[in-house]
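> The structure under discussion is supplied below as structure tokens; questions concerning it will follow.
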Amino acid sequence: MVDHVRSAPQPDFASKPTLSGEKVLLRPVTVADVPALMPMFRDAEASRLTGSHGDDRPDEARIRTWYDTRRDQDDRLDLAVVEQATGNVIGEAVLNGWEPGNESCNFRIGLVPGTYGHGIGTEATRLIVGYGFEQLGLHRISLEVYAFNPRARRVYEKVGFVAEGILRDALLWEGRRVDAAVMSILAPEWFRHRGRPETAGQTSV
């Protein structure tokens, strides 16, 4: 597999971009977005799908402190997902866990309840993953997804993430042990299909 050509000598995580698509706009997340994001933290189903153990009533003050520092981070990228049609903040998309020596990052995305199933997550994933490869010069972006979240796995597959293996019994949730799939996408794959592997190689008419 031929390696990609870097578009940036070193990833510049200090620059926080605005990325625009048809359905969503990604922009730097701020503390002002916390009220819109709180339903995501308070939703029991979202906690289950992400395997988030802990208090069912998140500390909003602590969350506000966290988001108030996101603009100053130079080793990760936290972007708010904004619905183009309404201008509402409906989630976040994040590149974190940067490993400089390996030119790699982790990826995660979270959406507030009621915004699933409209292609928003797929487009937001394509936007930030594309930025990671094309502007940050990353080689590998990875994630983990639990077995009871096939909807999320399908989104990742549509963008080009490939399953690499299974972390057996990675999560203990309400007495049940749940596997997690490790998935990744590599820069050469991205530059071949640009986040649309199902149509790669097809000729437009």
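The values are calculated or read from the model by the stated rules, or taken from the named source; none is laboratory data. Note that the structure is predicted; figures quoted are calculated from it, not measured. Cβ: placed from backbone, ideal geometry, glycine included. Neighbour counts: every protein chain shown. Just so you know, the surface numbers come from the protein's heavy atoms only, side chains and all, with ligands and any DNA or RNA stripped out. Shrake-Rupley method; radii C 1.70, N 1.55, O 1.52, S 1.80 Å.
> Can you name the residue in the stretch 99-147 that is in contact with a Phe, Trp or Tyr (Cβ under 8 Å, 6 or more places away or on another chain) and hydrophobic (A, V, I, L, M, F, W, C) and, of all such residues, is nearest to Ile166 (Cα to Cα)?
Val145
> I'd like the full set of residues that are farther than 19 Å from Cys105 by Cα and surrounded by 11 or more Cβ atoms within 10 Å (Cβ to Cβ), limited to the stretch 167-176.
Within the stretch 167-176, Asp169, Ala170, Leu171, Leu172, Trp173 meet the criteria.
> Out of the residues in the stretch 172-201 that are part of a strand (DSSP E or B) and of a type outside the set (A, V, I, L, M), which is farthest from the chain's Cα centre (by Cα)?
Arg176
> Just need a number here: residues in the stretch 3-21 that are modelled with pLDDT of 90 or more, charged (D, E, K, R) and loosely packed, with under 12 Cβ neighbours inside 10 Å.
Count: 0.
> Has the stretch 149-157 got any residue that is in contact (Cβ under 8 Å) with a residue 60 or more places away in the chain and either surrounded by 17 or more Cβ atoms within 10 Å (Cβ to Cβ) or hydrophobic (A, V, I, L, M, F, W, C) (or both)?
yes
> Where residues in the stretch 22-62 are open to solvent by 60 Å² or more (accessible area, probe 1.4 Å), free of Cβ contacts under 8 Å to residues at least 12 places away in the same chain and assigned to a helix (DSSP H, G or I), which of them is nearest to Thr115 (Cα to Cα)?
This residue is Pro35.
> Looking at Leu77 and the list (1) out of contact with any Phe, Trp or Tyr (no Cβ under 6 Å at 6 or more places or on another chain); (2) closer than 27 Å to Leu138 by Cα, which single condition is not satisfied?
(1)
> Next question. State which residue is surrounded by the most Cβ atoms within 10 Å (Cβ to Cβ) when the search covers only the stretch 93-123 and only residues that are of a type in the set (Gly, Ala, Ser) and over 8 Å from the mean Cα position of the chain (by Cα).
If we take residues in the stretch 93-123 being of a type in the set (Gly, Ala, Ser) and over 8 Å from the mean Cα position of the chain (by Cα), then Gly121 is surrounded by the most Cβ atoms within 10 Å (Cβ to Cβ).
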